[in-house]
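See structure below.
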Amino acid sequence: MTGLPGYDLHTHSVHSDGTTRPSEIAAEAAALGLAGFALTDHDTVDGWAEAREAAHAHGIDFVPGIELTTMHNWKSRHLLGYGIDPEASELMAALVRVREARFDRARHMVDLLAVDYDITWESVVGESATISVGRPHIADALVVGGYFADRSAAFAEVLHPRSPYYAPTYALDTFDAIGLVRAAGGVAVLAHPVAERQSTPTPPESVREFARAGLVGIELEHPENRADWLPPLRAVAAELGLLVTGSSDYHGAGKPNRLGEHTTPQATVELLRAGVATPR
Ligand code: AMP
Ligand code: FE
Ligand code: FE
Ligand code: ZN
């Protein structure tokens, strides 16, 4: 579904690489007339409590979520997990490993960049509330340093995967991640499967394999999905009975994506919730 009302099921706050607080996202969602939203910060659930409290104060619904960067056969896939138990030990231990790796990787990239740009580790993490550091935080330091106009320009010039300043980071295997989300009582949804920036579309056969491993939904309505790559995925989603979600991938000022630009109908959210072990 494009536009309002409904739920925006994919947003990021200052707890990962968004630029607004969870309470601000809740206020904006309510002002837009959304029925609810999910906070899906990268590799952390730190923003949930504030988001839930603010959502309820504004009289809208809150869906707790997370976005995991995963990899299988050298293909990067982003996975959304909804309704996971924040005490689930296996998943939480995996998140600690991922965040530690993110930290080491970001430090390494800053060391590489510091040869040519006047940036310091302090300028990258100094002001940040996040425990899940990523390239957007490095981009922000480069923007503050006057080198680039915005995050997108920093990504296009020096932070993209073929850049000499790029370093890879440890990612969970896609199938392991689906298993961890399920073991944590949550439901797994494949994020932006045909985003422009993934140089190839996710093939329908991979979606079938993920579904066999327990994937329940697919984010077909997303501003970065390429329209011409969508038809085969719409077909496989219908064939498998996957839930189709819509979201903005809002990052505040960090990306052009607008809150609520794609949404998920209430009925789909209810079906997602029905798949959560202990409804949250
Ligand atoms: P990382 O997690 O460190 O690999 O960084 C990836 C994150 O950077 C993604 O979650 C996006 O939100 C963000 N990102 C990727 N490309 C861009 C871009 N061109 N402009 C702004 N943010 C971007
Ligand atoms: Fe992000
Ligand atoms: Fe993503
Ligand atoms: Zn995202």
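The set of residues from segment 6-21 being over 18 Å from H192 (Cα atoms), more than 15 Å from ligand 2 (Cβ to nearest atom) and buried (at least 20 other Cβ atoms within 10 Å of the Cβ) comprises just one member, G6.
A quick yes/no check of all residues on (1) of a type in the set (F, W, Y); (2) more than 16 Å from ligand 1 (Cβ to nearest atom); (3) more than 25 Å from W74 (Cβ to Cβ); (4) without any contact (Cβ under 8 Å) to a residue 60 or more places away in the chain:
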| site | (1), (2), (3), (4) |
| --- | --- |
| A188 | no, yes, no, no |
| A191 | no, no, no, no |
| P201 | no, yes, no, yes |
| P204 | no, yes, no, yes |
| R208 | no, yes, no, yes |
| A213 | no, yes, no, yes |
| L220 | no, yes, no, yes |
| D228 | no, yes, no, yes |
| E239 | no, yes, yes, yes |
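Scanning segment 249-280 for residues that are in a loop (DSSP other than H, G, I, E, B), open to solvent by less than 80 Å² (accessible area, probe 1.4 Å), within 16 Å of ligand 4 (Cβ to nearest atom) and in contact with a Pro (Cβ under 9 Å, 6 or more places away or on another chain) turns up D249, H251, K255, N257, G260, E261, T263.
Looking only at segment 235-248, residues that are hydrophobic (A, V, I, L, M, F, W, C) and within 16 Å of ligand 4 (Cβ to nearest atom) come to 0 in all. Regarding L190, is this residue under 20 Å from the mean Cα position of the chain (by Cα), closer than 25 Å to G47 by Cα, open to solvent by 10 Å² or more (accessible area, probe 1.4 Å) and hydrophobic (A, V, I, L, M, F, W, C)? Taking the combined requirement at face value, the residue does not satisfy it. Any idea which residue in segment 220-248 is surrounded by the fewest Cβ atoms within 10 Å (Cβ to Cβ), counting only those that are among the small types (G, A, S) and part of a helix (DSSP H, G or I)? Checking each candidate, the answer is A227. Please determine whether any residue of segment 226-239 is under 23 Å from E28 (Cβ atoms) and at pLDDT 95 or above. No, segment 226-239 contains no residue that is under 23 Å from E28 (Cβ atoms) and at pLDDT 95 or above. When you go through L142, L172 one by one, which is the residue that is open to solvent by less than 40 Å² (accessible area, probe 1.4 Å) and within 16 Å of ligand 4 (Cβ to nearest atom)? Every option except L172 fails the conditions. Hey, any hits in segment 32-48 for a residue that's over 26 Å from T200 (Cα atoms), crowded, with 24+ Cβ neighbours inside 10 Å and either in contact with a Cys (Cβ under 9 Å, 6 or more places away or on another chain) or not aliphatic (A, V, I, L, M) (or both)? Checked against the condition, which is being over 26 Å from T200 (Cα atoms), crowded, with 24+ Cβ neighbours inside 10 Å and either in contact with a Cys (Cβ under 9 Å, 6 or more places away or on another chain) or not aliphatic (A, V, I, L, M) (or both), segment 32-48 yields at least one hit. In the set G65, G81, G36, only one residue is away from ligand 4 (no atom under 16 Å from the Cβ), within 22 Å of L243 (Cβ to Cβ) and in the same structural domain as A184 (by TED's automatic domain parsing); that residue is G36.
Condition check ((1) within 20 Å of L190 (Cα to Cα); (2) open to solvent by 10 Å² or more (accessible area, probe 1.4 Å); (3) not basic (K, R)) across all residues:
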{"residue": "H72", "(1), (2), (3)": "yes, yes, yes"}
{"residue": "K75", "(1), (2), (3)": "yes, yes, no"}
{"residue": "E90", "(1), (2), (3)": "no, yes, yes"}
{"residue": "R99", "(1), (2), (3)": "no, yes, no"}
{"residue": "V110", "(1), (2), (3)": "no, no, yes"}
{"residue": "L113", "(1), (2), (3)": "no, no, yes"}
{"residue": "D116", "(1), (2), (3)": "no, yes, yes"}
{"residue": "S128", "(1), (2), (3)": "no, yes, yes"}
{"residue": "I138", "(1), (2), (3)": "no, no, yes"}
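Within the option set T70, T44, being polar (S, T, N, Q), within 15 Å of ligand 2 (Cβ to nearest atom) and out of contact with any helix residue (DSSP H, G or I) (no Cβ under 6 Å at 6 or more places or on another chain) holds for one residue only, T44.
The values are calculated or read from the model by the stated rules, or taken from the named source; none is laboratory data. Since the structure is predicted, the reported quantities are computational estimates derived from the model, not experimental observations. Note: ideal-geometry Cβ built from the backbone for every residue, glycine included; neighbour counts use all protein chains shown. Remember, those area values only see protein heavy atoms, side chains included, never the ligands or the DNA or RNA. Shrake-Rupley method; radii C 1.70, N 1.55, O 1.52, S 1.80 Å.
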